[in-house]
Amino acid sequence: MSSLLEEMDQRALERGIPLAVQFDLTYRCNERCAHCYLDHHDRGEMTTPEVMDVLDQLAEAGTFFLTFSGGEVQMRTDFFRVLEHARSLLFCVKVKTNALMIGKAEAERLRELAVESVQVSIYSHRPEVHDGITNLPGSLERSLAGIRLLREQGVKTIIVNVLMRQNLQDYPGVIALAKELGALFTVDPTVTPRMDGDRSILSLGISQADLREVFRTPELVGNVNEFCAPPKPADGETLNELPCSAGHTLCYISPYGDVHPCVQFPLAAGNLRARKFLDIWRHSPQMTAVRSIRARDLTVCSTCAHLGSCTRCPGLAYMEGSMRGPSRLDCAKSFARTGIPFADKLPKEQVELRP
Amino acid sequence: MPQLYIARSGQISARELDGEMMIMSARDSQLFNLNELGTLIWQAADGATSLEDIVNEKVCTQYDVERSEALEDAEAFVREMAEHGILLVSDQPIRAANHNQPPAERP
């Protein structure tokens, strides 16, 4: 993070401003990815005027970074009207899409509207693997065509490669594709539980041994020595730190108007059809509870050697039973990075990313 | 010296935080934090008011500064912002001054 961005984040934190918001416009999707954590039925999405009003409220609340995601955002026929309104309010907009519906006109419009970046998930350079994960024949070819159009317009495009057992060996091919297309590349080695709590899709995730290998691959993590460095001992300052930005400077809004601390933290704090955003953000008991937590309050993690460097996600911990408890997926990551046992003291064979 | 006119670019993201503008250039994703004075000039950049008038009517009335020095500093500031695509600068009034509104056509 740049120092100016850090300063901006700190000022937002001190003033209780939701600096970054992810707004899922729809859960509907034209792909059926094997690892997706969402239910794709439309259970009453906000209307266009409702979405526009939410954007007005977010601008008033001081939100700067706005990520539109889904589902597939372009399943909403009003997507470009929503995007135009967001840009007229001067949000820094990032768009997550599978790019299947990006043609020349859409790519031009995204450039004209000066979106900060467009993020597209590509699982493999091999159609049989990518299409096998999306469950949509021809999807790799179509997504790549969309990315090419975006790049022709000079739109910053980021290829995200979610690593699973099915595609683990293919990341070099995806990196090569990104280079060829002039896109940025990032990797995500985590499959998360479904929003309804179903953990069965975790079986798609890579093994602990493979995760260890991933974390020792410079192409994927950069400086391995830094990335895998043992954690520094926790001191008083560490114990007073916030677990993460969720609910502090970060917020999530569902297509139905539910406000959560983060996309990965399904704790409904209120609904925008019933209350104003700032009322929920500032006064809901759920947000207040999330904000009250410091590292010293974490039931297991406060005594863990990894406290100061763990990527512990309070949302995943919440889905496991307690927002103050450990997130086993992150315990496994800390162990894979450093080889140092974590406080839960689970036997190694149990520290699998699989359920 | 010819008059300078300035307008806010539509290719930026911006939000006011504590009376100061945080601005990101779409050209290179570079982030800028304008101080109070820079924020005042940026907010007055409507394409129709000359920089000299902005300095006279906004800056010199709110800050204890010498007029010629303020104008010189303001000009350096707007030229730097123009280099990053944050402000548009012209020696003529800039039409369609509300550059925060995206074009009307849709795909």
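Every number in this text was worked out from the coordinates using simple rules, so none of it is lab data. Source: prediction; values computed, not measured. A quick note on method: Cβ atoms are made from the backbone with ideal geometry, for glycine too, and the neighbour counts reach across all protein chains shown.
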Inset, instruction - Answer rounded, prolate or oblate for segment A:1-142, using the Cα gyration tensor with square roots of eigenvalues a ≥ b ≥ c: rounded when a/c is under 1.5, else prolate when a/b is larger than b/c, else oblate. - result: prolate
Legend entry - Residues B:THR61, A:THR238, A:THR190, A:THR249 arranged by fewest to most Cβ contacts within 10 Å: B:THR61, A:THR238, A:THR190, A:THR249
Legend entry - the protein assembly as shown, dipole about Cα centre (Lys/Arg Cβ +1, Asp/Glu Cβ -1), debye to the nearest 20: 1840 debye
Inset, instruction - Could you line up A:CYS228, A:CYS301 from fewest to most neighbouring Cβ atoms inside 10 Å? - result: A:CYS228, A:CYS301
Legend entry - Inter-chain Cβ neighbour average for residues A:115-122, partner chain, 10 Å: 1
Legend entry - Chain lengthening between B:ASP28 and B:ASP64 when straightened (0.36 nm per residue, less Cα-Cα): 9.4 nm
Inset, instruction - Quantify how strongly other chains surround peptide A:79-89 by giving the mean number of their Cβ atoms within 10 Å of each of its Cβ atoms. - result: 3
Inset, instruction - Provide the gained length on full extension for the span A:LYS104 to A:LEU5, in nm with one decimal, where the gain is 0.36 nm per separating residue minus the Cα-Cα distance. - result: 32.3 nm
Inset, instruction - With an 8 Å cut-off on Cα pairs and a minimum separation of 6 or more residues, tell me the relative contact order of chain A in percent. - result: 16 percent
Legend entry - Modelled FRET efficiency - R0 35 Å, A:ARG294 with A:ASP42, Cβ distances, 0.05 increments: 0.35
Inset, instruction - Kindly identify chain A as rounded, prolate or oblate by the Cα gyration tensor criterion: order the square roots of the eigenvalues as a ≥ b ≥ c, call it rounded if a/c is under 1.5, otherwise compare a/b with b/c, prolate if a/b is larger, else oblate. - result: oblate
Inset, instruction - Among DSSP beta bridges whose residues both lie in chain A, state the antiparallel percentage, nearest 5. - result: 15 percent
Legend entry - Cα shape, segment A:236-355, gyration tensor, a/c 1.5 rule: prolate
Legend entry - Given charges at beta-carbon only (K, R positive; D, E negative), |dipole| of segment A:164-252 in Debye: 180 debye
Inset, instruction - Please determine, in degrees from 0 to 90 and to the nearest 10, the orientation of helix B:67-83 with respect to the longest principal axis defined by the Cα atoms of chain B, where the helix direction is its Cα long axis. - result: 20 degrees
Legend entry - Theoretical FRET efficiency, 1/(1+(r/R0)^6), r = Cβ-Cβ of A:LEU242 and B:GLN92, R0 51 Å, to 0.05: 0.50
Legend entry - Likely footprinting exposure, A:THR77, A:THR192, A:THR157, fewest C-beta neighbours within 10 Å first: A:THR77, A:THR192, A:THR157
